[in-house]
Structures are given as C-alpha cells and as structure tokens.
1. Filter the DSSP H helices in the chain by two things, a Kyte-Doolittle mean of at least -0.5 and an axial alpha-carbon span of 27 angstrom or more, and list the hits by number.
2. What is the order of 275, 8, fewest Cβ neighbours within 10 Å to most?
3. For residue 100 and residue 215, what is the calculated FRET efficiency with R₀ set at 45 Å and r taken between the beta-carbons, to the nearest 0.05?
4. Would you mind computing, in nm to one decimal, how far apart the modelled labels at residue 107 and residue 279 are, each placed 7 Å from Cα along Cα→Cβ?
5. Name the residue farthest towards the positive end of the dipole of the stretch 2-137 from the options 12, 109, 25, assuming +1 on Cβ of Lys and Arg, -1 on Cβ of Asp and Glu, about the Cα centre.
6. If R₀ is 30 angstrom, what is the calculated FRET efficiency for the pair residue 303 and residue 259, using the beta carbon separation as r and rounding to 0.05?
7. Run the dipole for the stretch 264-325 about the Cα centre, Lys and Arg Cβ at +1, Asp and Glu Cβ at -1, nothing else charged, and hand back the magnitude in debye, nearest 20.
8. Can you sort 323, 78, 176 by how many other beta carbons sit within 10 Å, fewest first?
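Nothing in this text is a laboratory measurement; each read-out follows from the coordinates by a stated rule. Because the structure is a prediction, the values reported are computed rather than measured. All Cβ positions, glycine included, derive from the backbone under ideal geometry; neighbour counts span all protein chains shown.
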Amino acid sequence: MLDYKFSRRQQFLDEKYYLSTRAALINAIQDFLGESNSDEDIEAGWIDSYSIAARYQFDLFILDYTAGRSIDHLRVDFESVINLFKILSEKQRTYYKDPNFSVFDLELLDDYCLYIWLISLCYLLKRNDLLMSVAKLVDGENQENGGKDWIVEEFLAFADDNRFDCSDVLFPQPYFELSNAFVSQDNKVSLKHLHKFLKKWYKDLAGAPWHDTHKTDGGYYGYWSFEAACSVILLEINDDKELYDYLYYPKDLIAFYHSFNPTAGEENLLNKYNRVTIKAGEKAPQSGYWFTVASNNSRQYFNAGEILPEIKKQDWGEVYWQFEKEE
C-alpha cells in the first residue's frame with residue numbers, strides 16, 4: 001500500500017474513489033506501455049498507446065496531488081511524467097520523420113492546458129532541470145514551433161533569455177487576464193488581474209474534457225490552476241493570501257516553493273548531470289549513499305556504475321533514486 005495518509009486537497013475526492021481510480025490508472029498505463037515496447041518498426045497504434053499512457057501518467061500525478069501526497073514525493077514523481085512525454089516525442093518524430101513534430105497542438109484547449117501546467121509545475125516543484133525537455137516537446141529539435149503563444153513564451157523566458165517574441169494569446173478566455181498580470185509593473189495591479197483570471201478560470205475552461213468530471217462516475221483527478229500559482233512566483237508576489245479562497249488555487253505549492261532547500265547531494269547531481277534523480281535500472285553515476293521515496297529505509301551505498309535497483313510496488317509507478325552524499 002501507499003506509504004502516506006489520504007488527506008485530500010479538494011472535497012470532491014473520497015478515499016474509495018481515489019484508490020480504485022489510482023489502481024485503474026496504473027493498470028492502464030502498464031497495458032498501454034506494453035503495447036508499444038518495441039523500438040523497431042514503430043507503428044501508429046504504438047504511438048497512440050504511448051500518448052495515452054503519458055497522459056494517464058499526468059492524470060495519476062494530479063490525482064495523487066489532489067489526494068494529499070507529499071510535495072517532496074510528487075517532486076520526484078513528476079520526472080516520470082516528463083520522461084514518458086519525452087519518449088513519446090521520440091517515437092512520434094521517428095515515425096513521422098519530422099524532428100520538429102509537436103507532442104501538443106497548442107491550438108487545442110486540452111493540449112494547451114496540459115502544456116502550460118507542465119511548464120508551471122517545473123517552476124513550482126523546483127524542477128527547472130526539466131524545463132528544457134518540456135519546451136522541446138513543442139519546440140522540436142530545431143525550435144521550429146516556438147513563438148505561438150505569448151503566455152507560453154513569457155513563462156519559458158524566465159529560465160531562457162533566448163525565447164521567441166510573440167503577441168498572440170491563443171485562448172483569450174480566460175488567459176488574457178493572466179497575460180495582463182505580467183504586463184503590469186505593479187504587483188498590486190497584477191494581483192487584481194490574477195483575481196479576475198481565477199474568478200473565470202473554471203467557467204471559461206468549460207470546453208476542457210476534465211470540466212465537471214466530479215459530477216460523473218469517473219475521470220475526476222482534481223481541478224488546479226497551476227499556471228496561476230506559477231505566475232505568483234514568477235512575478236515575485238509576496239502576499240498571495242487573497243487568492244486562497246479559490247478552490248483550485250494550489251496554495252501549498254507556493255509555500256513549498258518558498259521553503260524548499262535542495263540537499264547537497266541534489267545540488268551535486270544537478271551540477272554534474274543536470275538531473276535531480278536517476279531512474280531505477282540505470283547505473284549510479286557516482287559512488288555514495290542513495291535513497292528512493294518509493295520505499296521506507298531505502299538508503300544504501302552504491303558504487304559508480306552499479307545498477308540502481310527496482311522497487312516492486314504495484315501501486316507506485318516508476319521508481320527514482322536520489323543521491324544523498326558520498327560518505
């Protein structure tokens with residue numbers, strides 16, 4: 001079983017539904033990945049399977065966040081989401097013989113929301129090491145698809161000075177108010193625009209497939225405006241308590257962002273390999289003590305080149321190891 005207590009962040013989620021939905025998502029991810037596990041003669045059906053698996057992996061991440069999973073754990077889990085989308089992009093670009101094939105069509109509301117959430121979560125979870133990979137999902141290998149949306153470019157520009165000029169907001173409802181928050185030089189004015197954005201966020205995204213799923217028999221994973229929280233940290237708004245009344249404002253991610261301090265081991269990994277974690281089954285890049293949040297009391301010493309072992313837990317998903325210290 002999972003090693004954390006169910007402590008929901010939204011009242012629509014009950015524990016029985018959470019456990020059954022989580023198990024169903026994990027089984028579906030495994031099934032779809034099993035249909036596309038060959039690197040030879042990639043077929044369109046395999047690409048579709050991988051696309052579904054990657055999106056389900058994100059749904060699982062959102063479901064765990066809604067259920068109350070600790071952000072320290074989610075910060076590690078997020079890498080498995082990005083890795084599946086990276087593999088999907090590689091398969092798509094091989095199959096279509098196009099190095100710039102875009103994983104997301106930003107003119108589709110569902111794709112746009114998912115992409116802006118991935119970017120936002122990189123910042124909120126202090127996983128800036130994943131931002132380049134996320135940007136490349138749309139940009140392509142040669143950045144052929146960059147510069148299509150003002151908000152996307154604005155968000156990415158905080159980590160990359162060489163982003164594209166763009167004046168278009170692809171979905172003015174509700175994202176025009178979010179763009180206004182960045183135009184203002186006064187954070188009090190920006191906060192007012194964020195109020196307007198959040199006030200209309202859920203209603204204006206009624207066309208998204210996840211909308212009102214809490215009223216149906218399935219498909220609800222949580223409603224969260226990660227882009228609003230990301231805007232608060234990018235704009236360096238110090239007091240966001242006025243936004244706490246919005247059910248879908250992930251305020252605890254703001255608190256995590258301001259309180260998080262990376263370990264010396266994590267900084268070492270980032271400096272050497274631009275990675276926070278190493279996936280189970282891969283070689284330890286350096287000797288030292290490693291641990292995984294997938295298992296209690298997992299801390300152990302590995303020599304450089306040793307395989308970081310898998311942890312067989314059916315209800316977990318992909319396992320990642322974090323470097324702690326050399327001695």
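1. 15-34, 44-67, 71-95
2. Fewest-to-most ranking of 275, 8: 8, 275.
3. The calculated FRET efficiency here is 0.70.
4. 3.3
5. 12
6. 0.30
7. Using Cβ point charges on Lys, Arg, Asp and Glu, the stretch 264-325 gives about 80 debye.
8. If I rank by nearby Cβ atoms, fewest first, I get 176, 78, 323.
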